[in-house]
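Can you keep this structure in mind? I'll have questions shortly.
Laboratory data are not the source of any read-out in this text; all were calculated from the coordinates shown. Because the structure is predicted, anything quoted here is derived from the model rather than measured. Ideal geometry is used to build each Cβ from the backbone, glycine not excepted, and the neighbour counts take in all protein chains shown.
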Amino acid sequence: MKKKKKVPERKCVITNEMKPKKDLIRIVRNKEGEVFVDETGKKNGRGAYLSKDKSVIEQARKTGILNKTLNAEISPTIYDELEALVEGD
């Protein structure tokens, strides 16, 4: 009998849904306070996850939830990058 590998799940900060990590986009703030999109999901720092959904990204942009979650100023270019990622999917 093969043991089923546990799929790591994370919570989207907008929808509060638990989803497999690969279905989410991770945004990271490192010790230096730089914020960036982490496509590998492995970079060091405080991470926040968003669903790969244009409406979720727009909501994050409007509500400024990433600013609160990551305790940092999120530049508009981060949201542009996220939207490009979602559209590219």
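Looking at the range 3-73, which trypsin sites (Lys or Arg not before Pro) are DSSP coil and have at most 15 other C-beta atoms within 10 Å of their C-beta? Don't skip to the end; give the middle numbers.
Values: sites: Lys3, Lys4, Lys5, Lys6, Arg10, Lys11, Lys21, Lys22, Arg26, Arg29, Lys31, Lys42, Lys43, Arg46, Lys52, Lys54, Arg61, Lys62, Lys68; in loops: Lys3, Lys4, Lys5, Lys6, Lys31, Lys42, Lys43, Lys52.
Listed in order of number, the matching sites are Lys3, Lys4, Lys5, Lys6, Lys31, Lys42, Lys43.
Next question, about the same structure. Can you pull out the GluC sites (Glu not before Pro) in the chain that DSSP calls coil and that have at most 15 other Cβ atoms within 10 Å? Display every interim value, and only then the final one.
Details: sites: Glu9, Glu17, Glu32, Glu34, Glu39, Glu58, Glu73, Glu81, Glu83, Glu87; in loops: Glu17, Glu32, Glu34, Glu39, Glu73.
Listed in order of number, the matching sites are Glu17, Glu32, Glu34, Glu39, Glu73.
What area, in nm² and to one decimal, does the C-alpha convex hull of the range 24-89 cast on average over all directions? Present the calculation step by step, with values, prior to reporting the outcome.
Working: hull surface 15.5 nm².
In nm², the orientation-averaged hull projection of the range 24-89 is 3.9.
Let me ask something else about it. Take every Cα-Cα pair in the range 1-43 and report what % of them are more than 12 Å apart.
Working: 607 of 903 pairs.
Considering the range 1-43, 67 percent of its Cα-Cα pairs are separated by more than 12 Å.
From the cross-link list Lys5/Lys43; Lys21/Lys62; Lys5/Lys62; Lys6/Lys62, which pairs have alpha carbons spaced over 30 Å apart? Please list the in-between numbers first.
On the way: Lys5/Lys43 23 Å; Lys21/Lys62 24 Å; Lys5/Lys62 37 Å; Lys6/Lys62 34 Å.
Checking Cα-Cα distances, Lys5/Lys62; Lys6/Lys62 exceed 30 Å.
About the Cα centre of the chain, what is the dipole size in debye to 20, counting +1 per Lys and Arg Cβ and -1 per Asp and Glu Cβ, all else neutral? Kindly include the intermediate steps, with their values, before the conclusion.
Values: 21 positive and 15 negative charges, 193 e Å.
Computed charge dipole of the chain: roughly 920 debye.
At a Cα cut-off below 16 Å, give the aspartates and glutamates reachable from Lys4, other chains included and same-chain residues fewer than 8 away excluded.
none
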